[in-house]
Structures are given as structure tokens and as C-alpha cells.
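Notes follow the structure.
The values are calculated or read from the model by the stated rules, or taken from the named source; none is laboratory data. None of the values given here were measured: they were computed from a predicted structure. Note that we place each Cβ from the backbone using ideal geometry, even for glycine, and neighbour counts take in every protein chain shown.
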Amino acid sequence: MMNRNLRKIITYITMILLFMVLGAITLYIAGKPLASYVMAKGNMIIVNGAPGYPGENEPELSKLVLNKKSTSDMSESQVPELDSQYGTITCERIALSAPVYYGDSDASLLKGVGQYPNGVFPGDGKPFLISGHDATFFAPLEQIKIGDIITIKTDFESYNYTVTSKITADATDTAAYDLSQDKEQLIMYTCYPFGQLVGNRSKRFFVYCDRTPDSAAE
């Protein structure tokens with residue numbers, strides 16, 4: 001009788017432990033997508049206010065046609081729809097790799113980095129701005145050095161840029177960029193200090209990159 005009761009107790013305890021393990025596995029599988037979403041949203045809250053662009057989005061820009069200065073067979077290309085991906089940006093040395101979206105909405109910056117929608121693109125011979133969150137896709141910029149090579153790849157061509165300088169400036173300092181220059185310049189920026197959860201988040205980290213001569217259009 002004693003052994004029978006003992007076996008019942010052991011069986012009962014084993015069943016409880018088994019149900020606990022199965023329950024934990026089920027909760028993990030079911031809750032992982034939600035946890036990822038909450039963490040992503042948390043990053044957005046942490047970096048709230050960073051990567052804003054100067055000026056407002058202009059819906060009419062999506063109707064423009066740009067003459068592309070490239071050797072591609074396609075000499076003209078339609079400006080992408082706002083918040084759509086048109087390329088990728090990489091820097092091998094710092095393990096930077098992110099999709100590039102046309103626009104600065106929260107949805108775009110949650111999925112990658114975003115370009116100021118002023119109708120200027122790689123290969124157009126003008127400065128353009130790309131921003132991203134310091135806690136996610138632009139976190140590698142903390143390790144960027146002068147001379148690093150940044151590559152933007154689109155459906156039509158790849159464009160290389162060399163890092164020439166970097167500064168820290170106030171978020172409201174419009175003198176930190178000059179979009180009227182008559183040269184092609186990639187300007188990347190993000191919140192500063194990197195990864196700071198609390199405190200002052202009004203600074204921006206800017207990285208300036210010139211088009212490399214061997215990748216510029218003739």
C-alpha cells in the first residue's frame with residue numbers, strides 16, 4: 001500500500017512538472033511575437049524625438065520623375081512612394097546593414113533607416129539626409145571612423161561614399177547640414193549619446209560622407 005501511494009504521489013508530481021514545462025513552452029512560443037513588438041515599441045519610446053527631418057513631407061514628390069545621373073540602362077526612375085524601401089545601406093567594417101526607406105514615419109524607422117523626402121537620391125549629385133535610431137539600425141555608427149566606406153545599393157546601381165567627418169550638434173541646429181551644396185554628400189544622423197535610456201536626448205550625431213570618385217557618374 002505504501003509503495004502504491006508513493007507511486008501515485010510521484011506520478012502526480014511528474015504530471016504537474018510536465019504541465020508546467022509545456023505551459024512555459026506554449027507561453028514562450030505564443031508570446032515571442034508580442035514581446036518583440038513591445039521591445040521594438042520600447043526602442044521607439046526610448047529614442048522619441050530623434051531622427052526628425054527638417055520641413056514637412058510633400059505628397060506631390062511621389063509624382064515627380066527624376067533624371068538619374070547613372071550608367072544604368074534606366075535613365076529615369078519614379079520617385080518611390082513615401083515609406084517604401086528603395087535600397088540598402090551597408091558598412092562592412094562596423095557591421096552596418098539596413099534597408100533604406102523613403103520617408104521618416106515611425107513605421108519606416110521601425111523597419112530600417114529613412115531618407116528625408118526632398119526628391120534627391122544617390123547619383124543625383126546633391127546632398128541627402130538619412131536617419132535611423134541609435135538603439136537599432138544606426139547603433140553601429142558609434143564605431144564609425146573617418147575613411148570608412150558606406151555603400152547604398154538600389155535596384156539600379158550601387159553607390160559608394162567615404163566618411164569625411166562627424167560631429168555632435170543640437171537637434172534644432174539646421175546649420176549641421178547644407179542641402180544647397182553643389183556636390184553629392186550622404187549625411188547620416190541619429191540620437192546622441194548612443195543607447196542612453198534616460199536624460200537629455202536633444203543631441204544628434206552627424207556623419208558626413210562624400211561620393212567616392214570611382215563610383216561617381218561620368
- Task: Could you pull out the residue among Thr136, Thr151, Thr174 that is among the polar types (S, T, N, Q), touching a residue at least 12 places away in the same chain (Cβ under 8 Å) and within 15 Å of Cys209 (Cα to Cα)?
- Result: Thr151
- Filter result (part of a strand (DSSP E or B) and over 17 Å from Cys209 (Cβ atoms)) within region 154-171: Asp170
- Message: Quick check on region 56-112: of everything there that is at pLDDT 50 or above and among the β-branched types (Val, Ile, Thr), which residue is farthest from Tyr189 (Cα to Cα)?
- Response: Val79
- Of residues in region 197-218 being farther than 30 Å from Glu157 by Cβ and free of Cβ contacts under 8 Å to residues at least 40 places away in the same chain, the one surrounded by the most Cβ atoms within 10 Å (Cβ to Cβ): Lys203
- Message: Give me the residue from region 159-182 that is in contact with a Gly (Cβ under 9 Å, 6 or more places away or on another chain) and at pLDDT below 95 and, out of that set, surrounded by the fewest Cβ atoms within 10 Å (Cβ to Cβ).
- Response: Asp182
- Task: Kindly check whether there is at least one residue in region 111-119 that is assigned to a loop (DSSP other than H, G, I, E, B), in contact (Cβ under 8 Å) with a residue 24 or more places away in the chain and under 16 Å from Thr162 (Cα atoms).
- Result: no
